[in-house]
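Notes for the one structure printed next.
The values are calculated or read from the model by the stated rules, or taken from the named source; none is laboratory data. A quick note: this is a predicted structure, and the numbers were derived from the prediction, not measured. For accessibility, only protein heavy atoms count, side chains too; no ligands or nucleic acids. Shrake-Rupley method; radii C 1.70, N 1.55, O 1.52, S 1.80 Å.
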Amino acid sequence: PTKYTVRLYFLEPIETTAGKRVFNIALQGKPVLENLDVYKQAGGTNRGIVREFKGVELDGTLSVTLKGTVGLPVISGVEVVAEP
């Protein structure tokens with residue numbers, strides 16, 4: 001397996017309040033972030049945030065799992081860059 005940096009892009013697309021959409025994230029089946037509240041972290045609606053994870057080992061397939069604890073998870077983009 002090769003190591004990669006994975007960047008996940010998020011944006012809360014609807015007018016809401018903090019705590020209405022909270023979720024956990026796993027990469028390759030391993031938990032990497034718990035209780036992400038995009039609205040709260042970004043400071044409002046239509047404001048993006050990026051979460052970066054280095055050293056993710058891939059053997060050809062990236063598995064991203066979003067599991068909602070409150071509401072449904074949302075993701076806007078994924079970037080995968082090979083590490084030197």
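Summary of values
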| read-out | value |
| --- | --- |
| Residue-by-residue Karplus 3J(HN,Hα) for the range 26-40, coefficients 6.51, -1.76, 1.60, Hz, glycine and proline x | 10, 10, 6, x, 10, x, 10, 7, 10, 6, 6, 10, 4, 4, 5 |
| Prolate/oblate/rounded label for the range 44-84 (Cα gyration tensor, a/c 1.5) | oblate |
| Whole-number percent relative contact order across the chain, with pairs defined as alpha carbons under 8 Å at least 6 apart | 49 percent |
| Lysine pair count for the chain [Cα-Cα under 18 Å; pairs on different chains or 8 or more apart] | 7 |
| The chain, accessible area per residue, ligands and nucleic acids excluded (1.4 Å, Å²) | 61 Å² |
| The range 1-75 - percent of accessible surface contributed by carbon and sulfur, probe 1.4 Å | 48 percent |
| Rg to Rh quotient for the chain, alpha carbon positions, Kirkwood Rh | 1.00 |
